[in-house]
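Structure first, commentary second.
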Amino acid sequence: MEVRNCILDNQPEYVDASTRVEIRQRLADVFSNGQLIDNSVILPKSQVTMKASLIDTGSTGRATVMLWFSHPSWDRTVFESATGIGETEKEALDRAIMSIALTLVFLLDNLGTSIPDERFATQWDDCEHQWSLWCGLISSHGSSELVPVEGSTYLGLLKDSIMEHLENQIISYLQISAEWFNEEPNAEVLFNGMVNPEMSLLVESHMRASWPPHVEVSHKQLIWISQEEG
């Protein structure tokens, strides 16, 4: 996929970007041709609803957007956040929105039309369950040339553990965060919004084995799993 930096070009300057209405309108301008329905952005292909709120971080060079995604066919609401850092408030917000586009919207708005990265079956409660899985793009910050992400995914590392945790959910998702800015690496994997210590340890062990120490890099990735109707 070609990511065009011009996605945010010609978007209006918001005098006070801290209000909820304005951040929602900003996201609507980028993702849904400016249309808001009940103060929510509706992603055009998937009809996924996105609600958003901008958190006041107390810094003009940092913007954190809180996001809630939902759909009538899902059995849970998905919560995520995105942070951008820049020299100005607008630049920080632009980077947060670009992160939302790359790691969340591109994946969630194409679930119904894109080919799954994996299809597999699990056994639970004496029944076989069929699943489709999609890997979102890895968002990388820092010295990315030292920990390349081209063609990368954390799925190979986590697939066995994912399969062990699937029961009869309609949808499930993993939020993977990995960063190494201080003495020790920091890895956290959320399974359906809850920290999973086993998966987090797998990512941390992978970082210790394959990342240069104190590399000053961070990764985020969303993995999406949907049970097939049968």
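The values are calculated or read from the model by the stated rules, or taken from the named source; none is laboratory data. Everything numeric here is computed off the predicted structure, so don't read it as measured data. All Cβ positions, glycine included, derive from the backbone under ideal geometry; neighbour counts span all protein chains shown.
What do you reckon, is Ala28 surrounded by 13 or more Cβ atoms within 10 Å (Cβ to Cβ) and either at pLDDT 80 or above or on the phi > 0 side of the Ramachandran plot (or both)? The answer is yes for Ala28. If you go through segment 184-200 and pick out every residue that is in a strand (DSSP E or B) and under 13 Å from Ile162 (Cβ atoms), you end up with 3.
Yes/no matrix, rows are residues, columns are (1) modelled with pLDDT under 85; (2) touching a Lys or Arg at 6+ places or on another chain (Cβ under 6 Å); (3) hydroxyl-bearing (Ser, Thr, Tyr):
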{"position": "Gln11", "(1), (2), (3)": "yes, no, no"}
{"position": "Arg20", "(1), (2), (3)": "yes, no, no"}
{"position": "Ile42", "(1), (2), (3)": "no, no, no"}
{"position": "Ser53", "(1), (2), (3)": "no, yes, yes"}
{"position": "Asp56", "(1), (2), (3)": "yes, no, no"}
{"position": "Val65", "(1), (2), (3)": "no, no, no"}
{"position": "Asp75", "(1), (2), (3)": "no, no, no"}
{"position": "Phe79", "(1), (2), (3)": "no, no, no"}
{"position": "Glu89", "(1), (2), (3)": "yes, no, no"}
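Screening Ala82, Ala96, Ala92, Ala121 for residues that are of a type in the set (A, V, I, L, M, F, W, C) and touching an Asp or Glu at 6+ places or on another chain (Cβ under 8 Å) leaves exactly one candidate, Ala121. Taking the criterion of being at pLDDT 95 or above and surrounded by 17 or more Cβ atoms within 10 Å (Cβ to Cβ), the residues of segment 110-131 that qualify are Thr122, His129, Trp131. Out of the residues in segment 179-219 that are of a type in the set (A, V, I, L, M) and at pLDDT below 95, which is surrounded by the fewest Cβ atoms within 10 Å (Cβ to Cβ)? Taking the candidates together, the pick is Ala209. Counting residues in segment 201-212 that are under 26 Å from Arg76 (Cβ atoms) and either among the basic types (Lys, Arg) or not in a helix (DSSP H, G or I) (or both) gives zero.
Is segment 150-158 home to any residue that is part of a loop (DSSP other than H, G, I, E, B), without any contact (Cβ under 8 Å) to a residue 24 or more places away in the chain and surrounded by 14 or more Cβ atoms within 10 Å (Cβ to Cβ)? Yes, the conditions are met somewhere in segment 150-158.
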